[in-house]
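To start, the structure itself, in structure tokens.
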Amino acid sequence: MHPLHRREFLDRLGRASMGLGAAWAAKSSIYCRLGAEPGLQPALAKPALDSSPSNQPTPSSKKWEPISDRKIRFGIVGYGVCRFGAAFGFQDHPNVQIVAVSDLIPERCRELAKACRCEKTYPSLEELVKDPQIEAVFVATDAPSHARHCIEVLRHDKHVMTAVPAVWGSLEEAEKLLETVEKTGLKYMMAETSCFRADCWAMRQIYQAGGFGNLVYTEGEYYHYSPRPIDSFRGWRIGSPPLWYPTHSTAYYVGVTGKRFTSVSCLGFRGNFPAYQPGANRYNNPFTDEVALFQTTEGGTARISMCKSIRGLVAERGRVFGQLGWMDESGYHGAMEKLPETSRPPLPPTVPAGGHGGSHGHLAHEFVCAILEDRQPLIHIYEALAMTVPGIIAHQSALKDGQTMKIPQYDPPRKQAANS
Ligand SMILES: NC(=O)c1ccc[n+]([C@@H]2O[C@H](COP(=O)([O-])OP(=O)(O)OC[C@H]3O[C@@H](n4cnc5c(N)ncnc54)[C@H](O)[C@@H]3O)[C@@H](O)[C@H]2O)c1
């Protein structure tokens, strides 16, 4: 294959993600459309600063090859403001049959069934999970219900993929969820979109190949200007603590390295939006914006933020800085001369890459492949909790004016044994 000139590669990447993003966006609400806005295009699509082609991520030469002709029987739940149930392309995957769908709101349930080309509906997740035909469920319900819903699915002997975050502000729920995943031995995956953005994916490949060495410093940022609360099921978004929704940002450290945060000091900003005034939200949360500094298991630091009051700014992005190299929107800069293949795995031609930097289709495909190959999905329970729980502790720190706090650790059993 001819090596693509870097500029050509970047142009193609940008064009492809814009085209797919536009198609997806046409069906979505304004909030969810933000995933396809220019500010949320893959960072690699931005103009280059470093013109050395040998030092840049390479496009894939691989084509998708089927690994099985088996069809996994899926249930899909949740068609809220973001219409997430149908946004990941499960209904278009050659190894998936959608058996049934559900949303508590009948009109949404009907729309979801139509979008998934599926006739069978259930009035709730709780009813759907009783269907013995269904082997796996995608939970795209409201964030406060994720842990409870995933536990319900697993207890009915089905694999589960959930929209982010894994848990909503509760360490007890994290423990319960972990216990259930470990006890059942079923597949659990959190659909963190930043993990499958082109830049974050490339950082992960380069990190694993040794192109950064240990990370000295990382930045992960999620900006979502929202002077008025975005609509949500029973109002869960109204005044919510910013870093209870940390995973788009923490993905730029945990999703790149597979390593962990150990402690945090976080500060909050008290924006003047009505939902954050005293008594205005159920969380007693005064902060519109939170910025946390974490220590990492590599001995480095990570600045992780979630900000809602910076006028007009909507973006999900990150940068990594290591002993041997660094990477930002402009690409890789460092000692590694020949980079590994950094493009995302090929998708079946029927599956659209979708929104949030073309990550949706990849997340669905990864979950399907993990079931077919009987392996852990990339963002398994330990990674999911390691991306979610640090944000909960960061919010506690912000409420205590930045007091340094320890982060509970969630490691796979093998790693735990090695550390003891
Ligand atoms: N980039 C990203 O990864 C990203 C972006 C947007 C949203 N999200 C996540 O996606 C999820 C969905 O977002 P949304 O804005 O559509 O949520 P939403 O609050 O608007 O809607 C949730 C839907 O779940 C349904 N539901 C709740 N309990 C149910 C039950 N027991 N059975 C059946 N249906 C039930 C509700 O009726 C509602 O329609 C959220 O958790 C959000 O955090 C992730």
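The values are calculated or read from the model by the stated rules, or taken from the named source; none is laboratory data. Since this is a predicted model, take the numbers as computed values, not measurements. No Cβ is skipped: glycine too gets one built from the backbone with ideal geometry, and neighbour counts run over all protein chains shown.
Of everything in region 86-115 that is part of a loop (DSSP other than H, G, I, E, B) and within 14 Å of the ligand (Cβ to nearest atom), the residue that is surrounded by the most Cβ atoms within 10 Å (Cβ to Cβ) is 88.
If you filter region 62-85 down to residues that are closer than 23 Å to residue 127 by Cα and part of a loop (DSSP other than H, G, I, E, B), you find that the one that is nearest to the ligand (Cβ to nearest atom) is 80. Number of residues in region 116-136 that are among the β-branched types (Val, Ile, Thr) and within 13 Å of the ligand (Cβ to nearest atom) equals 2. All conditions in (1) assigned to a helix (DSSP H, G or I); (2) within 15 Å of the ligand (Cβ to nearest atom) hold for residue 202, with the sole exception of (2). When region 174-205 is filtered for residues that are crowded, with 22+ Cβ neighbours inside 10 Å, among the acidic types (Asp, Glu) and under 15 Å from residue 381 (Cα atoms), only 192 remains. Please indicate, with yes or no, whether at least one residue in region 315-329 is under 26 Å from residue 272 (Cα atoms), surrounded by fewer than 21 Cβ atoms within 10 Å (Cβ to Cβ), within 16 Å of the ligand (Cβ to nearest atom) and not basic (Lys, Arg). Scanning region 315-329, I find at least one residue that is under 26 Å from residue 272 (Cα atoms), surrounded by fewer than 21 Cβ atoms within 10 Å (Cβ to Cβ), within 16 Å of the ligand (Cβ to nearest atom) and not basic (Lys, Arg), so the answer is yes. Figure legend. Inter-residue proximity from region 78-106: first residues closer than 16 Å to residue 119 by Cα, second residues among the basic types (Lys, Arg) and surrounded by fewer than 23 Cβ atoms within 10 Å (Cβ to Cβ), beta-carbon distance below 7 Å, spacing 6+ or different chains. Indicated pairs: 79/108; 91/117; 96/71; 97/71; 97/73; 99/73; 99/120; 100/120. Of the residues making up region 331-381, those that are in contact with an Asp or Glu (Cβ under 6 Å, 6 or more places away or on another chain) and either among the aromatic types (Phe, Trp, Tyr) or away from the ligand (no atom under 16 Å from the Cβ) (or both) are 331, 333, 350, 351.
The set of residues in region 263-303 that are closer than 15 Å to residue 391 by Cβ, among the hydrophobic types (A, V, I, L, M, F, W, C) and part of a loop (DSSP other than H, G, I, E, B) contains only 287. Criterion applied to 291, 320 was being modelled with pLDDT of 95 or more, closer than 18 Å to residue 398 by Cβ and among the hydrophobic types (A, V, I, L, M, F, W, C), and the one residue passing it is 291. Please verify whether residue 188 is away from the ligand (no atom under 15 Å from the Cβ), within 30 Å of residue 108 (Cα to Cα) and in contact (Cβ under 8 Å) with a residue 40 or more places away in the chain, treating the condition exactly as stated. Taking the combined requirement at face value, the residue satisfies it. Restricting 229, 242 to those that are crowded, with 23+ Cβ neighbours inside 10 Å, within 30 Å of residue 109 (Cα to Cα) and of a type outside the set (Gly, Ala, Ser) reduces the list to 242.
Condition test on residue 335, is it touching a Leu at 6+ places or on another chain (Cβ under 7 Å) and crowded, with 19+ Cβ neighbours inside 10 Å? So residue 335 does not fit the description; no.
If the condition is being touching a strand residue (DSSP E or B) at 6+ places or on another chain (Cβ under 7 Å) and aliphatic (A, V, I, L, M), then region 317-350 contributes 320, 324, 327, 335, 336, 339. Within region 225-251, residues that are at pLDDT below 95 have Cβ atoms under 8 Å from residues that are hydrophobic (A, V, I, L, M, F, W, C) and in a helix (DSSP H, G or I) in these pairs: 228/275; 229/275, counting only partners at least 6 apart in sequence or on another chain. All of 139, 160 fail the test of being free of Cβ contacts under 8 Å to residues at least 40 places away in the same chain, more than 8 Å from the ligand (Cβ to nearest atom), buried (at least 24 other Cβ atoms within 10 Å of the Cβ) and of a type outside the set (Gly, Ala, Ser), apart from 160.
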